[in-house]
1. Hey, among HIS223, HIS219, HIS267, which residue is surrounded by fewer than 21 Cβ atoms within 10 Å (Cβ to Cβ), over 20 Å from ASN206 (Cβ atoms) and not β-branched (Val, Ile, Thr)?
2. Checking VAL113 against (1) out of contact with any Ser or Thr (no Cβ under 6 Å at 6 or more places or on another chain); (2) more than 15 Å from GLY266 (Cβ to Cβ), which test does it fail?
3. Just checking, how many residues over region 192-222 are more than 15 Å from ligand 1 (Cβ to nearest atom) and either modelled with pLDDT under 95 or in contact with a helix residue (DSSP H, G or I) (Cβ under 8 Å, 6 or more places away or on another chain) (or both)?
4. When you go through VAL156, VAL115, VAL72 one by one, which is the residue that is β-branched (Val, Ile, Thr), modelled with pLDDT of 95 or more, under 20 Å from GLN176 (Cβ atoms) and away from ligand 2 (no atom under 16 Å from the Cβ)?
5. Taking region 57-72 on its own, how many of its residues are open to solvent by 20 Å² or more (accessible area, probe 1.4 Å) and without any contact (Cβ under 8 Å) to a residue 40 or more places away in the chain?
6. What are the residues in region 88-108 that are free of Cβ contacts under 8 Å to residues at least 40 places away in the same chain and more than 9 Å from ligand 1 (Cβ to nearest atom), if any?
7. Can you name the number of the only condition in (1) surrounded by 14 or more Cβ atoms within 10 Å (Cβ to Cβ); (2) away from ligand 1 (no atom under 14 Å from the Cβ); (3) in a helix (DSSP H, G or I) that GLU290 fails?
8. Confirm whether ALA75 is of a type in the set (A, V, I, L, M), open to solvent by 30 Å² or more (accessible area, probe 1.4 Å) and either in contact with a helix residue (DSSP H, G or I) (Cβ under 8 Å, 6 or more places away or on another chain) or farther than 30 Å from ALA239 by Cα (or both).
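The values are calculated or read from the model by the stated rules, or taken from the named source; none is laboratory data. What you see is a predicted model; the values in this text were computed from it and never measured. Positions of Cβ are generated from backbone atoms using ideal geometry, with glycine treated the same way; all protein chains shown enter the neighbour counts. For the accessible areas, the whole protein counts, side chains as well, though only heavy atoms, and no ligand, DNA or RNA atoms are used. Shrake-Rupley method; radii C 1.70, N 1.55, O 1.52, S 1.80 Å.
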Amino acid sequence: MRLLVCGAAGFIGSNFVRIRVRDHGDEVTVLDKLTYAGRRENLRDVDHAFVHGAIEDPDAVAGAVEGAEAIVNFAAETHVDRSISGPEAFLRTQMDGTYTLLETARERGLRYVQVSTDEVYGSIEEGSFTETSPLNPSSPYSATKTGADLLVASYVHTYGLAASICRGSNAYGPFQYPEKLIPLMILNAMHGDRLPVYGDGMQVRNWLFVEDFARGIGHVLEHGAPGEVYNVGGPDEAANLDVVRRIVGLTGADPGLIEHVTDRPGHDRRYSLSSEKVRTLGWAAQVRFEEGLERTVAWYRDNAWWWEPIRSGEYRAYYERQYGRALG
Ligand code: NAD
Ligand code: TYD
């Protein structure tokens with residue numbers, strides 16, 4: 001297929017493009033604004049065309065979409081903590097950006113896939129969310145992702161756009177920016193920096209290896225019905241403290257580095273997705289959490305070229321603002 005993939009210089013999009021080009025022979029144009037989270041290096045081994053621009057810029061989108069049969073949208077501001085300290089960029093990208101892409105897809109009659117998140121359903125104490133569960137987001141990040149999903153649904157309903165939505169659970173794996181729990185803890189553990197666990201660390205997440213998520217999005221693109229939502233959840237759940245302890249074990253770090261810090265405001269307690277519906281398209285998770293975490297730790301250990309520029313750049317100032325202490 002000829003694809004326009006937006007936001008693919010980031011974590012999940014770059015893994016998606018690598019798999020689509022390598023395993024499916026797709027021709028891909030990437031449109032990416034290259035925010036702090038977007039890096040050309042993430043795609044240095046993948047054949048693709050690249051357009052530097054924002055999804056909320058109609059001219060950039062019009063230039064990039066030429067020749068595409070479908071748009072897959074990963075582009076978003078994605079970090080809950082940053083949405084709490086500065087929500088504005090989340091509104092611009094999630095709302096204005098998604099709107100611009102939807103208009104483009106409508107004008108040209110293109111297939112459209114919106115990459116979304118389990119966080120739109122909010123927190124669940126027991127059981128798992130299905131695609132018909134009520135939307136109940138709690139952070140500016142998840143609220144703007146929900147707004148984007150609702151806009152996509154309105155284009156299906158009103159204009160008959162051939163759009164599907166794919167909601168993933170917490171993804172982890174190679175190329176994830178170290179503001180998120182797993183890469184942050186791996187790099188801190190490798191460097192002997194403190195491991196900051198929010199609150200009691202008993203919040204539960206449903207962990208999904210990034211390649212499984214990328215393959216799930218591909219299934220939705222190829223086999224998903226227009227107008228439908230598909231949840232793609234990981235095979236295992238784990239409490240944050242358990243995840244951090246496993247990383248301590250895998251890196252050989254001192255367990256005394258674990259430090260409980262002030263909790264995130266409005267922190268969701270547990271996310272959990274039912275993936276029954278996407279399984280009917282032939283998808284199943286292939287990587288259990290134990291194996292995926294080992295592979296992820298090994299990747300960060302072996303790819304200092306990737307994270308060294310991040311840990312020595314603007315990230316240091318972000319880290320100090322967020323955690324009130326400098327990285328070692
Ligand atoms: P990321 O932060 O690693 O990458 C986001 C990418 O989008 C970056 O390359 C960035 O430069 C680009 N971008 C941001 N604003 C843009 C704009 N206005 N125009 C063009 N490009 C822009 O994010 P990720 O973790 O790869 O997440 C990708 C998508 O998957 C997001 O939509 C996110 O909501 C969703 N998602 C993420 C997770 C997760 O655990 N990380 C789970 C479920 C769903
Ligand atoms: P994160 O990776 O930010 O993903 P999300 O908030 O989208 O689930 O956080 C995962 C969990 O880890 C979440 O419960 C918050 C927690 N967390 C910490 O305890 N310490 C940290 O330094 C970070 C970044 C996250």
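1. Numbers: HIS219 fails: over 20 Å from ASN206 (Cβ atoms); HIS267 fails: over 20 Å from ASN206 (Cβ atoms).
Just a single option satisfies the conditions, and that option is HIS223.
2. Against the list (1) out of contact with any Ser or Thr (no Cβ under 6 Å at 6 or more places or on another chain); (2) more than 15 Å from GLY266 (Cβ to Cβ), VAL113 comes up short only on (1).
3. Matching residues across region 192-222 total 11.
4. Only one candidate qualifies: VAL72.
5. Qualifying residue count for the region: 3.
6. Residues satisfying the conditions are GLU88, GLU107.
7. (1)
8. Details: of a type in the set (A, V, I, L, M): yes; open to solvent by 30 Å² or more (accessible area, probe 1.4 Å): no; either in contact with a helix residue (DSSP H, G or I) (Cβ under 8 Å, 6 or more places away or on another chain) or farther than 30 Å from ALA239 by Cα (or both): yes.
Against the criterion (of a type in the set (A, V, I, L, M), open to solvent by 30 Å² or more (accessible area, probe 1.4 Å) and either in contact with a helix residue (DSSP H, G or I) (Cβ under 8 Å, 6 or more places away or on another chain) or farther than 30 Å from ALA239 by Cα (or both)), ALA75 does not qualify.
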